[in-house]
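Notes follow once the structure below has been shown.
The values are calculated or read from the model by the stated rules, or taken from the named source; none is laboratory data. All values reported here derive from a predicted model rather than from experimental measurement. A quick note on method: Cβ atoms are made from the backbone with ideal geometry, for glycine too, and the neighbour counts reach across all protein chains shown. These area figures cover heavy atoms from the full protein model, side chains too; ligands, DNA and RNA do not enter into them. Shrake-Rupley method; radii C 1.70, N 1.55, O 1.52, S 1.80 Å.
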Amino acid sequence: MKNFGYTRHTDRQIDFDATDKRLYQFVFDLEPSINLCIFCGTCAATCSAGHFTTLSFRRISLLLRRGMNDIVKKEIENCMLCGKCQLVCPKGVNTRNVILQIVKGIEKYEL
Amino acid sequence: MNYNHFVIPFAAGALILFAILVARYAYWIVQMPRSDRRKAWTGFFRPAFFRSLWEVFRESLIHKKVFRVNAMLGWMHMSFAFGWFLLIIFGTIETKFHKHKVFNMPYDPIFLRYFEHDEKQFFFSQGFSFVMDFLLLILLAATFLAIFKRIRSRFFGMKRTTRLILGDRIALYSLWSVFPLRFLAESFTSGLHHNGGFLTGTAGIAFSSFLPLQQLELPAWWAYSSALFVFFVFLPFSRYNHIPTELFLIFLRNCGIKTSGRFSGFTEFEIYSCSRCGICIDKCQLAEVRPQQTQAVYFLQQIRRNILQPQTTFNCLQCGRCTEFCPVGIKADTLRSIKRTDYSLEYGFSYKYAEEKIPPPALPVDVGYFAGCMTHLTPSIKIAMENIMKKAGVRYHFIDRDGTVCCGRPLSLSGNERQARLLMRENKYIIRNSGIKTLVTSCPICLRVFRESYDLGIEVLHHSQYLLRLAEEGKISLKPTDAVFAYHDPCDLGRGLKIYEEPRMLIARCGELLHTQQEKNEALCCGNSLADFVTPEPRKQEMRDHTLQELLLNNPDALITACPLCKKSLTYGSNVPVKDIAELVAENQ
Ligand code: SF4
Ligand code: SF4
Ligand code: SF4
Ligand code: SF4
C-alpha cells in the first residue's frame, strides 16, 4: 500500500444497537450491582492478578457492557477471586459475584 | 388379650414409621464410605458406645446445649423429650407388673388405663398412677409452653422462630394434641372406673359430674390413637425426624466419623438431624439485615426437600456461628461449602501465569513471611511486621514481597475447588522451595488453607502466635501503656482455627483489654467475609456497624484485630483507630 505518512487504525466505534448484550443482561439480572460501576479503575490498581497479567476488573466491566465478550472471556480466566477489588470499590460493586456470573453466562451462552 | 379397634391407628402408624426409618437408615448406611462403615461397626465394642449413651442422655433427653441458649427453651425441650421418655419407661414397667408377664402387646402401655380398671392389683400400683400422672402433667405443661412459644417467642430468648412448612405444621399440631387427648381419654375412663391418679382421677370425677362419659370415653381414645397415628406418619417428613436420627448421628460422631469433603451417608444423618429449633436464625447476622431465608435451618430444609437454590448456597458468611450454637452440633457451614462444589465451573479459570513463575532459590533462613493478598491491601500491617522482625534481629524471607498468587481459599469458597488447587500447587511449590522451617502469615484466610489443605510439613503460624513467641523469648519487649483496647476475633482465626488467646495475651502486654458482649467463639463477623457472594454492599455495612457497635460499647481507645480483611472492613465504619495486632506491637516495641 502507498505510504502517505500516517497509519490507519481499524474502526473502533462501538455500535450499541448491534452489540451482544446477552451476557451483560444475564449478569445484571443476577448481580445488579454491576450497573453501579463508574469505571474509576480503583479495582484495577489493586488487582492481584493484574500483577502478572493484563486483567483489570474495570476493563471487564467496560467490555462486558460493550458486548466484547470474547475479550472478557479471555481476560477473566486470570482472576483468582481474591476479593481485593471488591474491598476497594467505592461504589460497592459485588465484583466477585459479577465474575462468577460472567463465567456462568459464558458457559450458558457458549460464548 | 386386650383389644379394641382404636388401637389400630396407633399400631399402623408405629409400623409405617418403623418401616420408613429402617429403609432410610439402611440406605444411608450403604451410602457411607467403607472406612466410615467399619468405624461404625467396631464402635459398638468400644468406649465410643458408652460415650454416645451419655451424650444421648445429655443432649437428646436433657438438652444441655439448649439450656445454654435459654433456660425456658431448654426446659420446654427437656420436658418433652425426657418427660415422654420417662412416660414410656414407667408405662412399660407398669404394664409388666399389671400383666405379670414379660411380654405384652406393644400398645398395652399406651392404652393401659382403658384396659385395666382394677388398680389395686399389685404392689406400688398407687405409686405408678402418681408417677404417670405427674409425667403427664409435665408434658401438658410442655405443650402449653410450646404453644406459647409460637405466640411469644421472645420469652424463650428467640427473636425469630423457624417458618414451618406443611409437614412440620401437621406434625406439630398432632404433637400438641397428643398429650391433652391422652389426658382427656384417661380422665374419662377414670371418671367411669376410678382408676386414675391425682390428675386424671380428680379430672375424671369433675368431668363425670357434667359429661356423658359413657358416650365420650371411646371417641376420646380413638382421638388419642389417631393423633399418635398422624404424628408417627408425618414424623419422617417433618422436623421431628431429628428425634430418631440424632441418636445415630451422636453414635457415628463418637465413632470418629467426620463431615469430610463430600456428601455421603453420614452427611444425610447430619442433615436429617436438624430439629428446626431455629436457634441458628438469631445467631446468623444475615437475619438482621436481609429477609431472605438463608440460615442454616433453611439451607438444610431446602436440601431435605430437594429445592436448594444457588442463592441460598452462596448467601452465607461461613462465619460458623450457627455451627457454634447448634444444639445438635450440625456442621452447617462445612455442609454448605461442600454443597458449593456442586456449582463448580467446568472452564473459566486457568492460571497459566502462575505456572510460568520461577520460584526464587532457597535462602539460608528459617522463617518465611507470607503477607497474603489482603495484607498487601493494608500495607501498614506488613510494614509493622517487617519493622518488628528487623528490630528483633530475625532473619526472614518475605515470600510474597512482590505479591504472589492468591492462597486459593477465596476461590475454593466459591466452590471451584479444582481451580483453587492450581493456585495451591503453585504456592506450595514456592514455599517448599524456599527452605524455611516456620511459615508466618498475617492473614487468617491464608493460615486456614495452609493448615487445612496445603500439607506443608512445616510449622505454620499466625503472626500473633509468632509475635507472642518473640515476646516470650525476650526478642521483643513491649512497653505497657494506659490505653484500653477492645479486640475483634476474626472468624477464620477464632472459630476457624481456635486461636483466641495469643492476640489477647499480646494486647494485655500493651495495655488493658476490655471484654465485649460476644467474644471468642461467640464473636460476630466483620460483615465482609469473602465467603458471601450474594449480600449487597449496603447490607454488609449494616452488619459491620452492628458488630462495631458491640465492640465499641465500652469506649476503647483503639480497636485491635488480627486479620487484614477485618481491619479494612471495620476501619471504614469505626470512629476509633482500628489496628492490627502487628501494628500495636510495632508501636509499643
Ligand atoms: S472500583 Fe468499582 S466502580 Fe471503580 S471501576 Fe472497579 S468496579 Fe467499577
Ligand atoms: S478478585 Fe480477581 S479481579 Fe478482583 S482483585 Fe482479585 S484477581 Fe483481581
Ligand atoms: S441447624 Fe441446629 S440450630 Fe439450626 S435449626 Fe437445625 S438443629 Fe437448630
Ligand atoms: S455460617 Fe454464619 S452466615 Fe452462614 S448461616 Fe451460619 S451464622 Fe449465618
If R0 = 45 Å, then B:Gln549 and A:Glu110, at their Cβ-Cβ distance, give a FRET efficiency to the nearest 0.05 of 0.40
Among the trypsin sites (Lys or Arg not before Pro) in the range B:347-387, which ones are in a DSSP loop with at most 10 other Cβ atoms within 10 Å of the Cβ? Mind listing them?
none
Taking only C-alpha pairs under 8 Å that are 6+ residues apart, what is the relative contact order of the range B:360-465 in percent?
36
Here the residues of the range B:14-37 lying in the modelled label zone of B:Arg46, meaning backbone nitrogen under 13 Å from a point 7 Å along Cα-to-Cβ, are B:35-37
If you take the charge dipole of the range B:410-498 about its Cα centre, with +1 on Lys and Arg Cβ and -1 on Asp and Glu Cβ, which of B:Leu411, B:Tyr429, B:His463 is farthest toward its positive end?
B:Tyr429
Taking all protein chains in place and a 1.4 Å probe, what share, in percent, of the accessible surface of the range B:370-409 do carbon and sulfur account for?
49
Charged-residue dipole, Cβ positions (Lys, Arg, Asp, Glu), the protein assembly as shown about Cα centre, Debye nearest 20:
1020
Quote the total accessible area buried by chains B and A together, excluding ligands, DNA and RNA, probe 1.4 Å, nearest 100 Å².
2600
Per DSSP H run of at least 4 residues, take -39500 (n - 2.57); add these up for the protein assembly as shown, divide by its residues and hand me the 222 nm value, nearest 500 deg cm²/dmol.
-16500 deg cm²/dmol
Share of accessible surface on carbon and sulfur in the range B:456-578, whole %, 1.4 Å probe and ligands ignored, is 48
Cβ-based charge dipole, the range A:36-109, positive-most Cα from A:Cys43, A:Gly92, A:Asn78
A:Gly92
With a 1.4 Å probe and every protein chain left in place, work out the accessible area per residue of the range B:23-110 in Å², rounded to a whole number.
60
By per-residue mean of other Cβ atoms within 10 Å, what is the highest-first order of B:205-215, B:153-163, B:413-423?
B:413-423, B:153-163, B:205-215
Under the definition of Cα pairs under 8 Å and six or more residues apart, what whole-number percent is the relative contact order of the range B:267-343?
34
Dipole moment magnitude, nearest 20 debye, the range A:36-109 about Cα centre, only Lys, Arg, Asp, Glu C-beta charged
180
Can you give the accessible area of B:Lys99, probe radius 1.4 Å, in Å² rounded to 10?
50
Relative contact order of chain B (C-alpha contacts under 8 Å, at least 6 apart) in percent is 12
Just the number please: accessible area per residue for the range B:470-587, 1.4 Å probe, all protein chains included, in Å².
38
The range A:38-111 to the range B:551-589: how many Å between their Cα centroids?
31
Cα-centred dipole magnitude for chain B, charges only on beta-carbon of K, R (+1) and D, E (-1), debye, nearest 20
880
Please give me, ordered by residue number, the GluC sites (Glu not before Pro) of the range B:426-480 that lie in loop per DSSP and have at most 15 other Cβ atoms within 10 Å.
B:Glu473
What part of the accessible area of the range B:267-343, given as a whole %, is carbon or sulfur when the probe is 1.4 angstrom?
44
With the full set of protein chains present, the residues of the range B:389-417 whose 1.4 Å probe accessible area falls by 20 Å² or more relative to the chain alone are B:Asp402, B:Thr404, B:Cys406, B:Pro410, B:Leu411
Protein-protein interface of the range B:537-556, residues with accessible area decrease of at least 50 Å², isolated chain reference, 1.4 Å probe
B:Glu537
Where only protein heavy atoms count, and the probe is 1.4 Å, what is the accessible area per residue for the range B:360-465 in Å²?
36
Kindly provide the trypsin sites (Lys or Arg not before Pro) of the range B:457-527 that DSSP labels as loop, not H, G, I, E or B, and whose Cβ sees at most 16 other Cβ atoms within 10 Å.
B:Lys475, B:Lys498
